[in-house]
Structures are given as C-alpha cells and as structure tokens.
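What follows is calculated from the coordinates using simple rules that are stated; it is not laboratory data. What you are looking at is a predicted structure, and each value in this text was computed from that prediction instead of being measured. With ideal geometry, Cβ positions are generated from the backbone for all residues, glycine too; neighbour counts draw on all protein chains shown.
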Amino acid sequence: MQLGKELAAITAGIDQLYRNTPRSDGFLDREGLVPVAVAEVEPATLRGYDEAVQALHGLNARLPHEATSALRQSYLSEMIDSLQTLLVTFQEREISFADRVRRQIGVDTQMVRQSILDGYRATIREGLDELGYRGTSLSEEVRRWELDNRVAPSAVLDVLRGYGEEARRRTSALMYEMGQEWLEPVAVQNVPFSAYCDYPGRQLLLNLDFPYTPYALKHLACHEAFPGHLVHLALRQRYVAEGSMPLDGAQVVTSSASSALFEGIADNGLFFLDWVDTPADELAVALQRLRSALRCNAAWMMHAQNMGLDDIAPIIAEAGFQDHETVKGRLSFLHHNLRAPFVYAYWCGEVAVHDVWKTVGRERRAEFWHYLYANMHTPTTLRTFWDQ
C-alpha cells in the first residue's frame, strides 16, 4: 500500500508540473497526464522533472524488498519505467518512437502484420456474404453495408441510450450489480475523439461529426460505460476506498503502462456480456479491429517514418474502407506529443485481454473478472500471472 501511495503522489506531482508548462487550451492539454482520479491524491512536491526522475528511481529500487507480490512488483516496475519514459519526452530529450511505444504502453507492436489485417478482412467478407452483400469489391460492399445501416444523426443519442440501458442490465446480471450507475449520452462536435467517458460528470460524450451504425454504438455503450470505463472506474473507486486496492489504482494515467488494459477491458465488453450474437456483430467486431490496427500503423508512419497526415490518410482510408476526412479526424490526436503512442493501447489492449479471455472457462469468469478489475495490470502482467 505504501508503494502505491507514493507512486500516486509522484504521478500527481508530475501531472502538476506538466499542467504548469504553458500549452494550448485544447481538450487534450486540459486533460493533463492524469485526466481522472477517483480518490484524493496529495501531489508530491517536485521542483522540476529532474526531481521526478530521482523520486521514481528511488521508488523503483525499493520494489524487490517492499512489493507484496510478484504481480505487484512487475506492474510497478513497468509503470515506473513508463513514467520515466514520459519524463524523457517532457524534458524534450531524444527517444525513438519504438522505445516510447515499448516502454510507455508496454507492447512490442510497431506495424500490425499484413496477415492479421487480412484475417480481419476475411471475417468481414464472410459476414457480408452471409448478410447478402456480395457481387462487388470488398471495399464497395463494406461502404454499402455501413450506409444501409447508418443511424440518422437525430436518432444517434437515443439509439446509444438504448444500448447503454441493455448493457447495464447485462452487466448487472452477469458481472457486477450496477444499480443506477449511468452515463448520459451528450452530443459534442469538433473534438479529437469519437466518444469519451466523462466519469466525474457521468456523461458519455459522443462526437456527431462522425457517422455511426447501430453496431458501432453498441460497441461504444460497452466500451465507455458497461462493462467498460464506467464500471472499471466505479470498481476502482470502491476498492481504493475500502483499502483493497493501493492508491495508484485511483488514477487514470495517459500513455502509460496501465493504458492498454484500461482500453482493452473496455474493448472486450461485448464479449464479457455475451453480446456478439449475430453475423452483423461478428462483421462489426472485425471491422473495428481492422481500423484499430490501422490506427497503430498510422502512428508508426507518422512518428517512425516521418510521413505527413495528408499522405497517411489516403492509405489508411483505403485499407480500412473509410473516407479520407473521417480518417483524418480520427487520427488528428496523433499530433499530440503526450498522446502519440496512446493509439497502441486500443488494439494491443484488446488483443491482450481477448487472448486471455479465450482461455477462461465459463465457470471461472467471475474469478477472472475480479483478477482483471481488482488489480492494476499491463499486457505482460495479465498474461504472466493469470492462473498461477
């Protein structure tokens, strides 16, 4: 508990230093390093980033002697290293994008392999055939299917609200009783995201600049709320308050070793709720995975291969069956230095959680969910310590 308390204080202190550095007043800058904390954390007094580096170094040296378990030692070691890597970027010291992805997000992925992308496309093709969309190119059939299933902008919030209500019912029945917990859908525009969980305000912000199918809204209801971010944060708040989770579990830390599991839990929500139950759902999941993987590739093109967004967008648009403007909008946050590696948290996190989830028998699901939600994890700790 003491290590977690100190890590939380140092992280809050770094966040304070980051926020005190003049930047724009844009949405992502206002979020800072710690966009959400579900318990009060007193920031460590740090006079600069050099002091933060030393504080983390000292904390890391104590892990072999004070960590309460191998899982906890491994997680804290990765988290400390990711914060040290962030400090390198805050101090504007040189570091490769590959090292940022590996050390900040805790994954080795650079470009997602073509064989994986082709596997998603094969699943999409099978789904389209089953739904009667055949006869032309895969690209044309995907666009026709999405156009046929597009939700009118005037109806998007109501459709999202309906899926949210059903997701809450399923979460309470299968996983955790959520009572009256709720995220109210709210329309926004001109923001660098498609959807956002405003946990303190209990709102689900949905960007109406983008088009949505019912399947995309179903996914977002699970990702942002039930059993995704809302449930995850509510449980972490409860566990920290009752003393079963260390204080660092109260913080959401951007582009850190905790990010992939934060997003990966949310992206597996449909599977946790046994809600991938139609050919259209299977198709939509594969399409979401394809586009998520391609966003990793876009980040690599921009930050490792020094390509501009105007050159990247057409490549990603064609590969993901989207129009250029939608792709440019969804990739705009890649220009943000703190957020640049964060896109890997989605695809890599979804894969990390799903790879383990596939091995869990129905009779052990409750045990797995407690292991997943009640501990802070990285892809490595999840894979290494489950079922030991």
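Data overview
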item	result
S69 paired with S115, simple spin-label distance in nm, labels 7 Å along Cα-to-beta-carbon	3.5 nm
Taking the C-alpha atoms of the range 2-105, convex hull volume expressed per residue in Å³	118 Å³
Most to least packed among 314-321, 371-378 [average Cβ atoms within 10 Å]	371-378, 314-321
The range 175-249 versus the range 1-71: alpha-carbon centroid distance in Å	24 Å
Relative contact order, percent, the chain [alpha-carbon distance under 8 Å, six or more residues apart]	22 percent
Dipole of the range 114-385, positive direction: furthest Cα of V327, Q180, A257, with charges on the beta-carbon	A257
Residues with amide H under 5 Å from that of V188, placed H, sequence gap 5 or more	L206, N207, L208
Rounded FRET efficiency, nearest 0.05, which uses the C-beta distance separating A173 from T384 and R0 of 22 Å	0.10
Point-charge dipole on Cβ atoms (K/R +1, D/E -1) for the range 161-212, about Cα centre, debye to 20	100 debye
Reduced Cα scattering model of the chain, Debye log10 I(q)/I(0), q = 0.11, 0.12, 0.13 Å⁻¹	-0.79, -0.95, -1.12
Calculated FRET efficiency for the pair F193/R47, C-beta based, R₀ 22 Å, to 0.05	0.05
Residues of type aspartates and glutamates that K328 reaches as a straight line, Cα spacing below 16 Å, ignoring anything fewer than 8 places off in the same chain	D209, D310, D311, E318
Spin-label model distance (nm) - D274 vs E318, 7 Å beyond Cα toward Cβ	4.4 nm
For the chain, size of Cβ-based charge dipole, Lys and Arg +1, Asp and Glu -1, in debye	320 debye
Spin-label pair H335/M307, simplified geometry with 7 Å Cα→Cβ offset, distance in nm	1.8 nm
